[in-house]
Amino acid sequence: MEPRPTALLILLALLPFDTWIGGGGAAASNAPSRPPSAAQGSTLDPRQLTALQSMGFPTAADPCADPAPHGNATACDNEAPFRHLVSLRLANCSPDLDIPTTALRALSTLRSLAFLRCPIPVPRHLPGPLTASLRSFSCDASLRHLTGVWLSRFQNLTDLSVVGVPVSASGPAVILSQMHHLRSATISATNLSGVVPHHWNALGLVHLNLSSNLLNGRIPSSISVLGFIQTLDLSSNALTGSLPDTIGDLAALKHASFARNSLSGPIPDSISQLSALVHLDLSSNQFNGSIPKFLAEMKGLKLLNLENNNFQGVFPFNASFLRRFEVFKVGGNNNLCYNHTQLSSSLKLGIAPCDRYGLPVSPPADRSTRADSSDYSDDSSDEGSRDAGSNGASHHGPSKLVLGVAIGLSCFVFLVIFLVCFSKVCS
């Protein structure tokens, strides 16, 4: 007997919707299965989803939609039906993680790749499509140990940052020479040795940081070709010689640090041409000569650090010059002094006042002596005499015990002499 239409409708209503549309349970069981994460609504390409899982990246949520935990981060394009990764940051990785080459092949759409606190082995094989696609590479306290040759393969980078990981190379040029599109390069605290490059192909470089390495030799005059450079940090190396005069050609330079090297010579006059300069740090070197007066004409300068050098002579500026700075340091220059009629000792510049001959007043050997009160006077000898007359007896003179002993000894000596003379007269 044929089922009634009403009963058939009731039966269809009780079936699951996808089974009803797909033609029943058998058809549904034969449908191709999707990856578990894709079944949860991921819009990411399944191959890249698998690659992330093999790298220990959390994929419980859609990597293209939700922020990743533990400092990890992703960004995706808007392609359909599946989106693709364009940016990936791996953070706080397990040291046991070993990134498979197949995972890197699947990530050839990446334009930015970053490792943060990931002390994992360096991937030995970098797929060509990935190195060609990357525009930004960052490695901060990660990958244990890098080589210059390995880094040099990222030839299309515009942004390179390697911080806190040893790099073996004969110099920065091994890494940078083929990166023609670089705009920002940071290779800091890597124990990188060699010299500052003499030839530059990345003429559009805006930011260069080679600080806290083992670079030696002179700063080449050819650095002037970096006409767009705004930040130049060569601090904490072993550089020698003087600053090149061509540094004045870096018209866009805003922040420059050459601190903690062994640079010497005077500050070149060409620095006066750097009208955009805001920050200049020459501290802890061996710069000498007088402090140039043209610094007063550099109105944009807000931070100037000249401490711990060999500058000499009279500090040429007054208090109004100092007030315009956010940071100004000049201490630790033993042959430099200030005019105490123009500057107060309350400014605590870290240098001595000048005497009448324009030489630094020698610091007191003991601050409890009367010389301490005369160091900063207009006429140190006159005021020192007045100080001795008013306070010496009560505060700085010999004690009563010493005076008593001295008087007793004098009397004894006088008595002996008297007795000797008396005995000679009587005999």
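The values are calculated or read from the model by the stated rules, or taken from the named source; none is laboratory data. For clarity, every value in this text was computed on a predicted model and none was experimentally measured. For the accessible areas, the whole protein counts, side chains as well, though only heavy atoms, and no ligand, DNA or RNA atoms are used. Shrake-Rupley method; radii C 1.70, N 1.55, O 1.52, S 1.80 Å.
Ranking V413, V162 from most to least accessible surface, computed with a 1.4 Å probe over the protein chains only, gives V413, V162. Residues whose amide H falls under 5 Å from that of G289, counting only those 5 or more places apart or on a different chain, are Q312, with hydrogens built in the peptide plane.
Near V162, the amide H atoms lying under 5 Å from its own belong to C139, T186, I187, S188; only residues 5 or more places off or on other chains count, and H is placed 1.01 Å from N. Spatially, the range 301-345 and the range 79-101 are offset by 52 Å when compared through their Cα centroids. Rolling a 1.4 Å probe over the protein heavy atoms of the range 258-364, with every protein chain left in place, gives an accessible area that is 46 percent carbon and sulfur. Accessible surface comparison of T109, T131, probe 1.4 Å, protein chains only, largest first: the order is T109, T131.
Computed extension gain for A75 through H198, at 0.36 nm per residue and net of the alpha carbon distance, reaches 40.5 nm. Across the cross-link table entries K254/K302; K299/K348; K293/K348, which are compared at the Cα atoms, the separations over 18 Å belong to K299/K348; K293/K348.
A cut-off of 5 Å between modelled amide H atoms, ignoring neighbours fewer than 5 places along the same chain, links G217 with T240. 3J(HN,Hα) along the range 295-310: 4, 5, 8, 8, 5, x, 5, 10, 10, 9, 10, 10, 5, 6, 10, 10 Hz, from the Karplus curve 6.51 cos²θ - 1.76 cosθ + 1.60 with θ = phi - 60°, whole Hz, x for Gly and Pro.
Solvent-accessible surface (1.4 Å probe) assigned to S346 amounts to roughly 90 Å².
Solvent exposure of the range 208-302, expressed per residue, is 38 Å² of accessible area, with all protein chains present and a 1.4 angstrom probe. Taking the protein heavy atoms of the range 138-244 in the context of the full set of protein chains, the accessible area attributed to carbon and sulfur is 53 percent at 1.4 Å.
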